[in-house]
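Working notes, structure below.
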Amino acid sequence: MTAAVTQELVVLLDEAGEALGTTAKAGVHHAATPLHLAFSCYVFDEEGRVLVTQRALHKPTWPGEWTNSFCGHPGPGETPEDAVRRRAPQEIGVEVADVRLALPAFRYRAVMANGVVENEMCPVYTAVATGPVVADPAEVEEAVWEPWAEFRRAVLDGTRPISPWCRDQVAQLPEDPRDAPAADPSVLPPAARRPFIEEPA
């Protein structure tokens, strides 16, 4: 007997960042993508390099685009920080330590050439890899370590092709995020501070 596959859910938000409910991740991205909760993470190694990944070529949003280390969506009842810790081994094959809030109020909306929209309140975190990266090919086409200062400079001067959210995040991140204190969690969207648990129908 085959076990049932659990459907991955994302948390929908209103303009104040309060949870409205959930919907299936598989169908959330389209030309009228509703505002929802996400996260981005920048993973560093002991040498201060940042992991930069190329999104798998079959992904529905920005396939093949170079971007930050990994992204994801907190599920019902899950904080973004917990989602970072859950998603890291799933996507890049490594546990992460020193998960630190960097940009609690980051929000963006971006439109692909085909009209598909990303529309997220997306707190940004940094973390440190605890071992070698073994990225899941279903999520990541390629992964490379790049010196943070060089990566940041190339993103800011426009010579490094990168996803629209990563470009905007790098512009807001400190010159050396590893040395920066954690940001104030009270600035997180309310749904990220108080994880939404949907009542049974």
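A short reminder: the numbers here are calculations on the coordinates, not readings from a lab. This one's a predicted model, so the numbers in the text were calculated from it and none came from an experiment. Glycine also receives a Cβ, built like all others from the backbone with ideal geometry; neighbour counts cover every protein chain displayed.
Descriptive notes on the structure:
- The chain: calculated mean residue ellipticity at 222 nm from DSSP helix runs of at least 4, using -39500 (n - 2.57): -4500 deg cm²/dmol
- Rounded, prolate or oblate (a/c below 1.5 giving rounded, otherwise prolate when a/b exceeds b/c) for region 157-201 by Cα gyration tensor: oblate
- Fewest-first ordering of Ile162, Ile197, Ile92 by other beta carbons within 10 Å of each residue's beta carbon gives Ile197, Ile162, Ile92.
- Column: log10 I(q)/I(0), Debye, Cα scatterers of region 88-201, q = 0.12, 0.15 Å⁻¹: -0.55, -0.88
- C-alpha center-to-center spacing [region 43-94, region 116-176] in angstrom: 9
- Stretch in the chain that is longest and holds no GluC sites (Glu not before Pro) that DSSP places in a loop and that have at most 15 other beta carbons within 10 Å: 96-174
- Of the two radii for region 9-178, the radius of gyration is 0.93 times the Kirkwood radius, both from the alpha carbons; that is the Rg over Rh value.
- Residue with peak Gaussian network fluctuation, the chain [Cα springs, cutoff 10 Å], from Ser69, Ser40, Ser186: Ser186
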